[in-house]
Amino acid sequence: MTYKIAFIGFGTVGQGLAEILMNKRDQLRRKYDFECSVVAISDIMKGSIYLEEGLDLEKLLSLVRETGRIDGYPGATTGWDSLKTIRESGADIVVEISYTDIDTGEPAASHVRAALESGKHVITSNKGPSALFGRELVKLARQKGVCFRYEGTVVSGTPVLNFALENLAGTEIREVRGILNGTTNYILSEMEKGKGYEETLKVAQELGYAEAKPDADVKGWDALAKIVIIANMVMGGDLKIADVPCTGITGITLKDIETANQENKRWKLIARAWRDGDKVQAEVSPKKVPADDFLAGVGGVTNALTFDTDLLGNVTVVGPGAGRLETGFSILVDMLSIHRERSAVNLA
Ligand code: HSE
């Protein structure tokens with residue numbers, strides 16, 4: 001089955017996804033009978049293109065590497081805005097990977113709504129829409145008979161959301177506790193080696209871990225958005241971002257790191273959501289974690305999350321929390337889930 005795809009945003013994640021789709025084309029066709037044709041891309045910085053017969057991804061990636069833009073693609077229609085791209089490109093799946101604005105969710109939330117309203121499946125790694133309007137968007141997708149998938153919003157492609165929703169179905173998740181931001185974990189790990197905060201933040205940005213505005217990482221907002229997505233979408237909570245206490249790592253000094261080390265502890269930015277009667281609560285804050293706590297051993301850009309469940313006790317997922325191919329993969333896995341679901345429907 002061949003799906004037409006439109007990308008809204010073509011930054012690090014979009015380019016990583018394009019590379020995966022290009023390199024895995026044969027494997028995806030052979031193993032899953034999955035084929036796709038990227039027919040449109042709209043990016044606020046790089047321009048926008050539409051080509052009915054589909055873009056050559058190799059040519060596209062060379063173009064963006066060489067010129068920093070996409071609108072020089074030969075033969076493509078240019079100049080469409082994001083909403084026109086969503087509504088008029090004929091895409092079956094809209095991949096929303098524009099920048100995250102955690103205060104308003106915009107413009108991503110409008111993109112997701114427009115795509116669902118017009119009967120298109122949506123996949124996103126953008127935390128804004130899911131953290132602010134997740135349950136509403138799931139409901140809208142159901143009404144329209146399409147899928148809204150967002151695995152990449154939490155811990156990039158490491159399976160957390162789909163895992164909890166699908167593979168832990170039937171258990172009650174009593175608490176979730178973990179390290180949900182790669183940049184801050186990387187910074188804290190490097191500070192343990194005596195490196196300064198500013199220096200390590202710069203490297204995290206160069207490595208593509210940090211958000212466009214690194215305040216989102218270091219002030220804890222990125223981890224906050226992720227724990228709210230888990231609390232609301234997996235644990236059935238109804239949290240608003242503003243309700244959740246959040247402290248980042250900007251106050252942690254090399255001296256604090258050294259003192260913790262002397263106490264056989266490590267500073268970690270811990271995100272937690274837990275049941276409190278019939279409510280779900282959450283918080284994000286740096287904690288001094290004892291060396292024998294599993295999370296103390298999770299260093300660098302790696303993330304880890306422990307689900308405390310009634311039937312299995314603790315189940316922990318550990319893996320990369322950020323990165324170009326890692327987040328690109330999260331979109332691919334959601335595409336394959338949609339394909340699996342649709343194929344089953346078609347066979348029925
Ligand atoms: N900036 C985020 C992190 C990327 O460092 O974890 C994934 O949301």
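The values are calculated or read from the model by the stated rules, or taken from the named source; none is laboratory data. Please read all numbers here as calculations on a predicted model, not as lab measurements. Ideal geometry is used to build each Cβ from the backbone, glycine not excepted, and the neighbour counts take in all protein chains shown. The area values use the complete protein model at the heavy-atom level, side chains included, leaving out ligands, DNA and RNA. Shrake-Rupley method; radii C 1.70, N 1.55, O 1.52, S 1.80 Å.
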Counting Lys +1, Arg +1, Asp -1, Glu -1, what net charge surrounds T200 among other residues with beta carbon under 12 Å of its beta carbon?
-3
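Just to confirm, what accessible area per residue do you get for segment 97-201 at 1.4 Å probe, in whole Å²?
36 Å²
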Local charge sum around K120 (other residues, Cβ-Cβ under 15 Å, Lys/Arg +1, Asp/Glu -1)?
+2
Please find, in a Gaussian network model of the chain (springs between Cα atoms separated by less than 10 Å), the residue of G194, G236, G277 whose mean-square fluctuation is greatest.
G277
Cβ crowding within 10 Å averaged over residues, with 106-113, 335-342, 257-264 ranked highest first:
106-113, 335-342, 257-264
Efficiency by 1/(1 + (r/R0)^6): what FRET value for T259 and E283, r their Cβ-Cβ distance, R0 = 25 Å, to the nearest 0.05?
0.65
Subset of K59/K127; K219/K255; K195/K288; K24/K59; K144/K213 violating a 23 Å alpha-carbon distance limit
K59/K127; K144/K213
Calculated from DSSP helices alone, with each H run of at least 4 adding -39500 (n - 2.57) and the total divided by the residues of the chain, [θ]222 nm to the nearest 500 comes to -11500 deg cm²/dmol
Most mobile listed residue (I241, I230, I123) in the chain, GNM with C-alpha springs under 10 Å:
I241
With springs connecting C-alpha atoms under 10 Å apart, model the chain as a Gaussian network and identify which of T200, T12, T67 has the largest mean-square fluctuation.
T67
Semi-axes in Å, largest first, for segment 170-320 (Cα gyration tensor, √(5λ)) are 26, 17, 13
Mean Cβ count within 10 Å, highest first, over the residues of peptides 173-179, 311-317:
173-179, 311-317
Calculate log10 I(q)/I(0) of the chain for q = 0.08 Å⁻¹, where I(q) comes from the Debye formula with a single equal point scatterer on each Cα and nothing for solvent.
-0.39
Quick one: pull the percent of accessible area on the chain belonging to carbon and sulfur, 1.4 Å probe, ligands and nucleic acids left out.
48 percent
